[in-house]
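Q: Mind having a look at this structure? Questions to follow.
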Amino acid sequence: TLELLEDGLVENAARRGEQGLAALAGIGERHPDLVEAVRGRGLMMALELSTPEHAEALEQEAFSRGLLVLICGKRSVRVSPPLVIDEATMASGLVVLEEAVRAVAGAAAREGDRPMAAIVDLSSARD
């Protein structure tokens, strides 16, 4: 643990966490029908979505774009980058995440009340 302090990883986690939470809050403000809450501390952050289907669709959409996020709970998606992430890489990942959120929000808006599983074919993504 002393090495973590000496190498600046704790400070980096705090700075990148602030960067991430600010970006996630902006995503939530731009997509209020999809994102109900943003929470986190340091590099452990999450978007709480309106339905479990939206969370699953976001997980798959982000993965298809090369970004690994994980569902946590029933309808939240966890964003947890590594302690060593730099500012530029964090910014790039947040852009990809917003693109994925935009895609899921667009699909939900186009399809109205249809279940997300019918909108995004998730069967091939799990094979």
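The values are calculated or read from the model by the stated rules, or taken from the named source; none is laboratory data. Quick caveat, the model's predicted, so the values are computed rather than measured. In this analysis, Cβ positions are derived from the backbone assuming ideal geometry, glycine residues included, and neighbour counts consider all displayed protein chains. We work out accessible area using only protein heavy atoms, side chains counted, and drop any ligands, DNA or RNA first. Shrake-Rupley method; radii C 1.70, N 1.55, O 1.52, S 1.80 Å.
Q: All but one of (1) outside any helix (DSSP H, G or I); (2) more than 11 Å from the chain's Cα centre (by Cα); (3) farther than 22 Å from Thr89 by Cβ hold for Glu48; state the number of the condition that does not hold.
A: The single condition Glu48 does not satisfy is (2).
Q: Kindly list, by first and then second residue, each pair from a residue in region 88-109 that is over 13 Å from Leu68 (Cα atoms) and without any contact (Cβ under 8 Å) to a residue 60 or more places away in the chain to a residue that is buried (at least 17 other Cβ atoms within 10 Å of the Cβ) and acidic (Asp, Glu), limited to pairs with Cβ atoms under 9 Å and residues at least 6 apart or on different chains.
A: From region 88-109, the pairs are Glu99/Glu61; Ala103/Glu61; Ala107/Glu61.
Q: For region 47-58, enumerate the residues that are out of contact with any Asp or Glu (no Cβ under 8 Å at 6 or more places or on another chain) and surrounded by fewer than 23 Cβ atoms within 10 Å (Cβ to Cβ).
A: Our first condition is that a residue be out of contact with any Asp or Glu (no Cβ under 8 Å at 6 or more places or on another chain); within region 47-58, this holds for 47, 51-58.
Residues satisfying the conditions are Thr51, Pro52, Glu53, Glu56.
Q: Among the residues of region 55-67, is there at least one that is part of a loop (DSSP other than H, G, I, E, B), modelled with pLDDT under 95 and out of contact with any Ser or Thr (no Cβ under 9 Å at 6 or more places or on another chain)?
A: Taking region 55-67 first, the residues part of a loop (DSSP other than H, G, I, E, B) are 65-67.
Checking the rest, the ones that are also modelled with pLDDT under 95 come to none.
No.
Q: Within region 68-87, which residues are within 18 Å of Ile27 (Cα to Cα), of a type outside the set (D, E, K, R) and open to solvent by 40 Å² or more (accessible area, probe 1.4 Å)?
A: Hits for region 68-87 are Leu68, Leu70, Ile71, Ser80.
Q: Go through region 68-81 and give me each residue that's over 9 Å from the mean Cα position of the chain (by Cα) and within 19 Å of Gly106 (Cβ to Cβ).
A: Of everything in region 68-81, just one residue is over 9 Å from the mean Cα position of the chain (by Cα) and within 19 Å of Gly106 (Cβ to Cβ), namely Arg75.
Q: Here's another thing I want to ask about it. Scan region 7-27 and give yes if some residue there is crowded, with 16+ Cβ neighbours inside 10 Å, at pLDDT 95 or above and closer than 23 Å to Arg110 by Cβ, otherwise no.
A: yes
Q: Are any of the residues in region 113-122 open to solvent by less than 30 Å² (accessible area, probe 1.4 Å), assigned to a helix (DSSP H, G or I) and either at pLDDT 95 or above or not polar (S, T, N, Q) (or both)?
A: Of the residues in region 113-122, the ones open to solvent by less than 30 Å² (accessible area, probe 1.4 Å) are 116, 122.
Checking which are assigned to a helix (DSSP H, G or I) leaves us with 116.
Filter again for either at pLDDT 95 or above or not polar (S, T, N, Q) (or both), leaving 116.
The answer is yes, given that some residue of region 113-122 is open to solvent by less than 30 Å² (accessible area, probe 1.4 Å), assigned to a helix (DSSP H, G or I) and either at pLDDT 95 or above or not polar (S, T, N, Q) (or both).
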